[in-house]
Amino acid sequence: MTSFQEIFLWTVSLYIPILLAVLGAAFWKHPQKTISGNIGYRTRRSRQSQAAWDAAQKLSGKYLCILGIAQMIAVPVVLLLASPVCDPFSLSMICMTAEVLLIAVPVIAVEHYLKIHFPKQ
């Protein structure tokens, strides 16, 4: 593998985790204050009350930040272990697909939290 391919592989594979960590930290520390249809964690359950909205904003930011950091640790390990046996393009596609699919985990966790603590009225 050439150095350009290696740099491209690492850049593409770490883009999503870094983005998740940075945006998650920003949303966690500076959540959207008012219920909005444009910015923030916007689901039917999170918009049912101001208290549910506030909880969802902080919790989703926290979970996205944690997920991003976990992926920033896991991706290099996967890349180092799999790069000798897999071509760079396939490896980057596998990593990016897994990263995107894992974004569902914080959504499921936040929705579960909201379902328990803010039942529909």
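The values are calculated or read from the model by the stated rules, or taken from the named source; none is laboratory data. If you're wondering where the values come from, they're calculated on a predicted model, not measured in any experiment. All Cβ positions, even for glycine, are placed from backbone atoms using ideal geometry, and neighbour counts span all protein chains on display. Quick note on the areas: whole protein, heavy atoms, side chains included, nothing else; ligands and nucleic acids left out. Shrake-Rupley method; radii C 1.70, N 1.55, O 1.52, S 1.80 Å.
Considering helices alone, the calculated mean residue ellipticity of the chain at 222 nm is -25500 deg cm²/dmol, with DSSP H runs of length four and up weighted by -39500 (n - 2.57) and normalised per residue.
Residue ranges 47-58, 5-16 sort as 47-58, 5-16 when ordered by packing (mean number of other C-beta atoms within 10 Å per residue, highest first).
Mean sequence separation of contacting Cα pairs (under 8 Å, at least six apart), scaled by the length of the chain, corresponds to a relative contact order of 35 percent. For the chain, the longest principal axis of the C-alpha atoms and the axis of helix 3-29 are separated by about 10°.
Ignoring ligands, DNA and RNA, what accessible area per residue does the chain give at 1.4 Å, in Å²? Don't jump to the answer; show the numbers that get you there.
Details: 7560 Å² over 121 residues.
Ligands and nucleic acids excluded, the result is 62 Å² per residue.
Based on the alpha-carbon gyration tensor of the chain and its eigenvalue square roots a ≥ b ≥ c, which shape applies: rounded if a/c is under 1.5, prolate if not and a/b is larger than b/c, or oblate? Numbers along the way, then the final one.
On the way: a/c = 3.41, a/b = 2.66, b/c = 1.28.
Prolate, because a/c is 1.5 or more and a/b exceeds b/c.
Model label sites at ALA51 and SER83, defined 7 Å from Cα along the beta-carbon direction, differ in position by 5.1 nm.
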